[in-house]
Amino acid sequence: MELKDLYEKFRDPKTIKALAKEIEKEASKLNRDINIMEVCGGHTHTIMKYGLLQLLPKNINFIHGPGCPVCIMPKERIDHAYILSLKENVILCTLGDMIKVPGSYGSLQNARSRGADVRFVYSPLDVLKIAKENPNKKVIFFAIGFETTTPMTAALLQNVINLNLKNVLFHINHVTVPEVMRELIDSRDEHIDSYNNQIDAFLGPSHVSVIAGSKIYEEFPQKYSRPVVVAGFEPVDVMEGVLMIVRQFLKEEIKVEIQYKRSVTRDGNKRAWEMIERYFKKRDLFKWRGLGNIPKSAWQLKDEFERFDTEKIYELPKEEIEDHKLCICGDILRGMAKPTECQVFGSACTPSKPLGSCMVSSEGACAAYYKYGNLI
Amino acid sequence: MQKVITLSMGNGGLENRELLKKFVFRHLGNSFLKDAEDGTVLGEIENLVFTTDSFTINPIFFKGGDIGKLSVAGACNDLAMMGSEPKFLSLSFIIEEGFSLRDFERILRSMKKELSVNGAVVVTGDTKVVPKGACDKIYINVSAIGNRLANFSQKNIKEGDKVLLSGDIARHGATIFASREGIELENEIESDCRSLWPIVKALIDEKIFVKALRDATRGGVAAVLNEWAKDENLCFEIEEAKVNISLEVKGICEILGFEPFVLANEGTFVCVVDRKDEKRTLEILKSFNENASIIGEVTKEYMGRVILKTEWKTRRFLDMPSGEILPRIC
Ligand code: SF4
């Protein structure tokens, strides 16, 4: 197989146009609007980058959900990273855009210019090499991400134990998708109740289900009569996912469906899941930026691995930090507002000077709107 | 044993003279250098243009070029983009102690070749050797003087003008990334590193009404178009499908999650011409690189912004690149 086979047919203009037509035809038979929440920032990015909103009929809308691991990271935890990185003899490793998000002291980039050794890795396992090359330093892995990256962090810990490396520590911020989805539709909180009925269906991220299976979404059609379609990240995948949702409404058949049959099954990757459960346990509460504390929505290291856990080893600040008062990231993550409704969008808040976290990562809704525009 | 550059070769004394004579002068020598004292007398140039650039690329040898070729081509391209014929270069090396003499010679050889493509000569220079660890292998600074033959200016860009690319994009950035990340592909990609003066000269000779030229180095095509759009308060509307990108580059971007529009080029330029000249310009560009293409036009729809049109008729902004894309790419 050639590399291009991996993506080319999923961006084929003819297929995209044909799907747009089909969606329009089917949606015109519905006499209602459908608001689809794409849970994952990867989908937000695809939708904006490929201009898919422009292809959809008026009665199909997207609500941009909370599935961007960088965007939902509360400031106090970014501060943890900042503080840890500036400790003596520490190399702090993390993934992607995490380096750019400002906490209350600044971003990891700022820490770096103050002398911290902050490195960004493509894969958690890259940390092993760094640790071996720097035996006299503590290498702290600041772990972020959903079910997709959690097994990789588990694999890193497994290697650290097997290789008996003494200088690798962790700061775990892995979060889980179903809990936040449930929170979004099930919360009894008055404020949150007000948008309760806006989400009609979910587009679930394929990579999460590669690991966790599609079964994690079964409660949504069953308990809340919201369809879930697990879709891939290419434009053809997203369009096909939308079509499947529209058809579910037409047939009045609400269920979990898999668009991304290329590698998603009902049960997911059992071995990867076992890895997660071997090293991690659920936190009682985890604060999501903009959404507040959500029960059982994140992982932490099990007690027997405490010696690797920087939250146990170091004294790190616990107080919650409020977001900038003009920032409406929380409302955006909940689907109550669009980025352009924020007063400071594109003026005081831009990707190079983000006020809120949705502007930081290219998967954040604000950054995607700023970057790609919402052109017609 | 492999011969290496030692600290004493940068001491200004005997070993230093040896290094210059045996290596630098042997490859790059000319009458100017021969007669040089503390400075060089150049004679007169009518429309003098002056530029400087430093090169710290890692790795120093890459597919399609090396730091020597890159530095000569890079400095000369800065002149060429101004419509200036490259004439005289100064050359400063900062070399890490222990650097292989054979590699040094290899670099000098490719500089020589690139100088002849541009018809330029090195007229003055300097070599410093620093202790191990004080620099990474070799850094090169090149300053260049050219003679301006045509007055391109982005100020002349107006609505209706056509935008062209001199070749496929993102090769240099993708090549450097691939080599640093150790990505191996079936079909190797090569940097587009090349001197652009011969192409520019052809445009001038054919009397094309060129409004502006810019080689799309750091920040890639996205940076060039956005700068023009913002500076001149115009809108650039680009058809994505017209921008050629090789399959290998697409693959690397796929693996590493980059947008080809922001990756660096080292021998590919964006060019705005009067619409009456678009066809002839394309012919000329294609005679140098068959991947040249007309990619869009200048409008006034969203002032200061660049718009990309997809093949399925949706549109989006192409934004100015920001953040650390990649250090030490040139
Ligand atoms: S534009 Fe900035 S301040 Fe406004 S909601 Fe988005 S991230 Fe927050």
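The values are calculated or read from the model by the stated rules, or taken from the named source; none is laboratory data. Keep in mind it's a predicted model, so treat the numbers as computed, not measured. A quick note on method: Cβ atoms are made from the backbone with ideal geometry, for glycine too, and the neighbour counts reach across all protein chains shown. When the accessible area is computed, the model is the full protein with side chains, heavy atoms only, and any ligands, DNA or RNA have been set aside. Shrake-Rupley method; radii C 1.70, N 1.55, O 1.52, S 1.80 Å.
Structure data summary
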| item | result |
| --- | --- |
| Residue match in the range B:255-268 (condition: more than 14 Å from chain A (Cβ to nearest Cβ), hydrophobic (A, V, I, L, M, F, W, C) and not in a helix (DSSP H, G or I)) | yes |
| Filter result for A:Asp97 (acidic (Asp, Glu) and either open to solvent by less than 10 Å² (accessible area, probe 1.4 Å) or closer than 23 Å to A:Pro354 by Cα (or both)) | yes |
| Contacts under 8 angstrom Cβ, first residue in the range A:256-279 being at pLDDT 95 or above, partner among the aromatic types (Phe, Trp, Tyr), 6 or more apart | A:Val256/A:Tyr217; A:Val256/A:Phe220; A:Ile276/A:Trp299; A:Tyr279/A:Phe305 |
| Residue, nearest to A:Gly106 (Cα to Cα), within the range A:338-360, restricted to residues that are part of a helix (DSSP H, G or I) and not acidic (Asp, Glu) | A:Ser357 |
| Candidate set: the range A:346-376, residues that are within 14 Å of chain B (Cβ to nearest Cβ) and open to solvent by 50 Å² or more (accessible area, probe 1.4 Å); chosen: the one nearest to B:Met320 (Cα to Cα) | A:Lys371 |
| B:Ile189 being in the same structural domain as B:Ile307 (by TED's automatic domain parsing), crowded, with 17+ Cβ neighbours inside 10 Å and in contact with a Pro (Cβ under 7 Å, 6 or more places away or on another chain) | no |
| Number of the exception - A:Trp299 against (1) under 22 Å from A:Leu203 (Cβ atoms); (2) more than 16 Å from the ligand (Cβ to nearest atom) | (1) |
| Residue in the range A:319-341 that is more than 9 Å from the ligand (Cβ to nearest atom), surrounded by 16 or more Cβ atoms within 10 Å (Cβ to Cβ) and more than 21 Å from the chain's Cα centre (by Cα) present | no |
| Whichever residue in the range A:25-73 is touching a residue at least 40 places away in the same chain (Cβ under 8 Å) and basic (Lys, Arg) and, among such residues, is least open to solvent (accessible area, probe 1.4 Å) | A:Lys49 |
| Yes/no for A:Ala131 being in contact with a helix residue (DSSP H, G or I) (Cβ under 7 Å, 6 or more places away or on another chain) and either open to solvent by less than 20 Å² (accessible area, probe 1.4 Å) or assigned to a loop (DSSP other than H, G, I, E, B) (or both) | no |
| Subset of the range B:305-325 (residues that are in contact (Cβ under 8 Å) with a residue 12 or more places away in the chain, within 12 Å of chain A (Cβ to nearest Cβ) and assigned to a loop (DSSP other than H, G, I, E, B)) | B:Arg305, B:Thr310, B:Glu311, B:Asp319, B:Met320, B:Pro321 |
| Failed criterion for B:Val272 (all others in (1) open to solvent by less than 40 Å² (accessible area, probe 1.4 Å); (2) assigned to a loop (DSSP other than H, G, I, E, B) hold) | (2) |
| Top-ranked residue of the range A:361-376 - restricted to ones that are under 22 Å from A:Gly106 (Cβ atoms) and modelled with pLDDT of 80 or more, ranked as nearest to the ligand (Cβ to nearest atom) | A:Cys366 |
| Close pairs from the range B:11-39: first within 18 Å of B:Gly119 (Cα to Cα), partner open to solvent by 40 Å² or more (accessible area, probe 1.4 Å) and of a type in the set (Phe, Trp, Tyr), Cβ under 7 Å, at least 6 apart | B:Leu33/B:Phe25 |
| Yes/no for A:Ala18 being among the small types (Gly, Ala, Ser), open to solvent by 10 Å² or more (accessible area, probe 1.4 Å) and either at pLDDT 90 or above or over 26 Å from A:Asn173 (Cβ atoms) (or both) | yes |
